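*Asks:* My structure is below; once you've seen it, I'll send some questions.
The values are calculated or read from the model by the stated rules, or taken from the named source; none is laboratory data. Just so we're clear, the structure is a prediction, and the values are computed from it rather than from any experiment. Glycine also receives a Cβ, built like all others from the backbone with ideal geometry; neighbour counts cover every protein chain displayed. What goes into the accessible areas is simple: the full protein's heavy atoms, side chains included, and nothing from ligands, DNA or RNA. Shrake-Rupley method; radii C 1.70, N 1.55, O 1.52, S 1.80 Å.
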Amino acid sequence: MSVTSTLQKTVFAAGAEVLEHAGPALTSVPPLRRAAVRTGEAYIRHWQQKARTDPGNLAGIVDDQEAMGLALLHTVERAFQRPLSSAVRQAVAHNLVRSILIEQGDRNAADRFYAQHGAYPPGFLTISPGKACNLHCTGCYADAGPGAGRLDWAVFDRIVSEARGLWGARFFVISGGEPLAYRSQGKGILEAAQKHADCYFLMYTNGTLIDDQVAWRLAELGNLTPAISVEGWRERTDARRGPGVFDRVLSAMASLRAAGVPFGISLTATRDNAEEILSDEFIDFFFEEQGALYGWIFHYMPIGRSFTLDLMPTPAQRLWMWRRSWEVVRQRRLLLADFWNHGTVSKGCIAAGRAQGGGYLYIDWNGAVSPCVFVPYSPVNINEAYARGKTLDDVWSDPFFAGIRRWQVAYGRDKGNWVLPCINRDHHAALRRLLAQHEPDPTDRNAREALLDPAYAQGLEGYGAACAALIDPVWQEYYKRSVSAANRGHTEALAQEESVAAPNRQARV
């Protein structure tokens, strides 16, 4: 590790200590808080400016990464302006900021993995431990419902422990079904967070099982943040999720605010609601009035219950969402991440435990391991792997996952348009070739039907081509522009951002 890198991590680690132990003081002394944020902004810009001088970096990519870094910094600032529980404050500063964002997990474990496999391990796992759900949402990607499918607690616990030990992972995403409905051997998600107190968990939830009691339990744990699903305003949310769900979501948010638990929102963008969920009114309501700290945007994928290509945002909407979402991130410095349009931040697809680091795998309630939540094909089952004495390393090494990782490397080398990162939706023909070669099992009947339907394949391939026709020019003109033009445009953009952001900061003081 270089002296500069060591110094950088030391400075950030010291900042995490300050956040952990002096968070309330920073909250109560606005000048001190503003000075800390200004220092952070200057540091991010300094390092990104150095990145712009590297001829191997694309100027537009560096711009996007800087914008998201600033949004993350201001999200932490907003969090510490609020009355967080002491356990939350400690877990955010120590587990999330220091262990995950700065140290990027246990680097010794990651280095051991690299020495053995010649690649970096997955940075995290997404686990859906139970299929059970108290709702029956139209188009649910998991086709969740009253079914009894679930991982045994011992398997669920082993997965987390093994990812920590073998890969150095400290971040886990919990999905479902409804995560709070999962129970095995008398234990559930809250018990998992309690046992693995040095990790940080993000839980995608419908929010309807969060009451005052659950919120206070989350406040005591500190290391689990809920991302609550909404589809838009009340009418649209209730139409997809059921009557009264929107109001129950607002009730859950009130309970979380009272307990001092940070939370976010999870948005599924469709052809019908793309403009609604990115409107100023909607963002103001959830981020300013309700107190959401972050948001994730998932474009509707034609998988799961009652899948249809007709709900996907149109190519024109997708391009509009790219412009609009970055406008929100840059001008308002909100952490609102679009998992497809913001592929530039992660430098492309992270499925199948990407070899360059930062990747992930998905494990469902039946034990099926898939490259991604949105690629419902599994070559290996974790229950069977464990029964044969295998580990997560063996699962990662499966040829189907390795094939996707090779595709990621080749795509980045040959074309690398990271605004079109998805092997399923943007490059469906490539996925079909890998499916034919390795023959992984569909994870449910919906995935099997899609695999056997020629019209489905033709529709997705046509969709990808239409998106490329609109977005490839953006990649060439914005992301691959010359360094000199980029630096000139960056200076102008900073001035514009500051003129917009300064009044917002002043209003929050």
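*Asks:* Strictly over 21 Å apart at the Cα level, which of Lys50/Lys415; Lys50/Lys480; Lys50/Lys347; Lys347/Lys415; Lys347/Lys480 would you flag in this model?
*Replies:* Lys50/Lys415
*Asks:* Quick query: amide H of Val380 versus all other amide H atoms, modeled in the peptide plane; which residues come in under 5 Å with a sequence gap of 5 or more or a different chain?
*Replies:* Close amide H contacts, sequence-distant or interchain: Val369.
*Asks:* At a Förster distance of 22 Å, what's the computed FRET efficiency of Asp414 paired with Arg481, Cβ-Cβ distance as r, to 0.05?
*Replies:* Numbers: r = 20 Å, r/R0 = 0.91.
Calculated value: 0.65.
*Asks:* I've got another one for you. May I ask for log10 I(q)/I(0) of the chain at q = 0.08, 0.12, 0.13 Å⁻¹, from a Debye sum over the Cα atoms as equal point scatterers with solvent left out?
*Replies:* Results for the chain at q = 0.08, 0.12, 0.13 Å⁻¹ read -0.47, -1.20, -1.48.
*Asks:* Quick one: in the range 153-303, what % of C-alpha pairs are over 28 Å apart?
*Replies:* Details: 2580 of 11325 pairs.
Of all Cα-Cα distances in the range 153-303, 23 percent exceed 28 Å.
*Asks:* Which percent of the accessible area of the chain is formed by carbon and sulfur heavy atoms (probe 1.4 angstrom)? Could you put the intermediate results ahead of the total?
*Replies:* Values: 11270 of 20440 Å².
After summing per-atom areas, the C and S share lands at 55 percent.
*Asks:* Going toward the positive end of the dipole of the range 346-468, with +1 on Lys and Arg Cβ and -1 on Asp and Glu Cβ, which of Asn366, Ala387, Pro440 do you reach last?
*Replies:* Ranked along the dipole, the leading option is Pro440.
*Asks:* Express the relative contact order of the chain as a whole percentage, based on alpha carbon pairs under 8 Å and six or more residues apart in sequence.
*Replies:* Working: 868 pairs, mean separation 81.9, N = 509.
Computed value for the chain: 16 percent relative contact order.
*Asks:* Now for a different question. Put a dot 7 Å past each Cα toward the Cβ at Gln437 and Thr391; how far apart are the dots in nm?
*Replies:* 2.7 nm
*Asks:* Something else about it: Using a/c under 1.5 as the rounded threshold, could you call the range 305-372 rounded, prolate or oblate? The axes a ≥ b ≥ c are square roots of the C-alpha gyration tensor eigenvalues, and prolate needs a/b larger than b/c, oblate otherwise.
*Replies:* Details: a/c = 2.42, a/b = 1.34, b/c = 1.80.
Oblate.
*Asks:* Related question: I'd like to compare 67-78, 469-480: which one has the highest average count of other Cβ atoms within 10 Å, and what's the full order after that?
*Replies:* Numbers: 67-78: 20.3, 469-480: 15.0.
Put in order of decreasing packing, that is 67-78, 469-480.
*Asks:* With unit charges on the beta carbon (Lys/Arg positive, Asp/Glu negative), name the residue among Tyr120, Thr205, Ile297 whose Cα is farthest towards the positive pole of the charge dipole of the chain.
*Replies:* It is Tyr120, whose Cα lies furthest towards the positive end.
*Asks:* Further question: Straight-line reach from Lys195: which lysines fall under 16 Å, measuring Cα to Cα and dropping same-chain residues less than 8 apart?
*Replies:* Of all the lysines, those that pass the test against Lys195 - Cα under 16 Å, at least 8 places apart if same chain - are Lys187.
*Asks:* Give me the number: length gained by fully extending Gln213 to Glu289, i.e. 0.36 nm times residue separation minus the C-alpha to C-alpha distance, one decimal in nm.
*Replies:* Numbers: separation 76, 0.36 × 76 = 27.36 nm, distance 2.26 nm.
Net length gain for the segment: 25.1 nm.
*Asks:* Further question: Have a look at Leu218, Ala258, Gly244 and report the one farthest towards the positive end of the charge dipole of the range 208-261, computed about the Cα centre with Cβ charges (Lys/Arg +1, Asp/Glu -1).
*Replies:* Highest projection toward the positive end goes to Gly244.
*Asks:* Take the range 269-355, drop everything but the C-alpha atoms, weight them equally and run the Debye formula without solvent; then report log10 I(q)/I(0) at 0.17, 0.25 Å⁻¹ to two decimals.
*Replies:* Values returned for q = 0.17, 0.25 Å⁻¹ are -0.78, -1.30.
*Asks:* Rounded to the nearest 0.05, what FRET efficiency is calculated for Asn108 and Asn383 with R0 set to 41 Å and r the Cβ-Cβ distance? Don't jump to the answer; show the numbers that get you there.
*Replies:* Values: r = 29 Å, r/R0 = 0.71.
Taking R0 as 41 Å, the efficiency between Asn108 and Asn383 is 0.90.
*Asks:* Let me ask something else. Can you order the peptides 84-91, 448-455 by their average number of other Cβ atoms within 10 Å per residue, highest first?
*Replies:* Details: 84-91: 20.6, 448-455: 12.5.
Highest mean packing first, the order is 84-91, 448-455.
*Asks:* Would you mind calculating the gained length between Ala254 and Thr39 on full extension (0.36 nm times residue separation, minus the Cα-Cα distance), in nm to one decimal?
*Replies:* Details: separation 215, 0.36 × 215 = 77.40 nm, distance 3.28 nm.
Net length gain for the segment: 74.1 nm.
*Asks:* Could you give the dipole magnitude of the chain about its Cα centre, charging the beta-carbon of Lys and Arg +1 and that of Asp and Glu -1, in debye to the nearest 20?
*Replies:* Details: 54 positive and 54 negative charges, 190 e Å.
With only Lys, Arg, Asp and Glu charged at Cβ, the dipole is about 920 debye.
*Asks:* Just to confirm the filter: which GluC sites (Glu not before Pro) across the range 248-311 are DSSP coil and have at most 16 other Cβ within 10 angstrom of their Cβ? Working shown, then result.
*Replies:* Numbers: sites: Glu275, Glu276, Glu281, Glu288, Glu289; in loops: none.
When the GluC sites (Glu not before Pro) of the range 248-311 are filtered for loop state and at most 16 Cβ neighbours within 10 Å, nothing remains.
*Asks:* Once every DSSP H run of n ≥ 4 in the chain is given -39500 (n - 2.57) and the sum is divided by its residues, what mean residue ellipticity at 222 nm do you get, rounded to the nearest 500 deg cm²/dmol? Let's see the in-between values first.
*Replies:* Numbers: 21 runs with 261 residues, N = 509.
The helix-only estimate for the chain comes to -16000 deg cm²/dmol at 222 nm.
*Asks:* Can I ask one more? Give me the number: length gained by fully extending Arg183 to Gln81, i.e. 0.36 nm times residue separation minus the C-alpha to C-alpha distance, one decimal in nm. Show your work: numbers first, answer last.
*Replies:* Numbers: separation 102, 0.36 × 102 = 36.72 nm, distance 3.50 nm.
Between Arg183 and Gln81, full extension yields an extra 33.2 nm.
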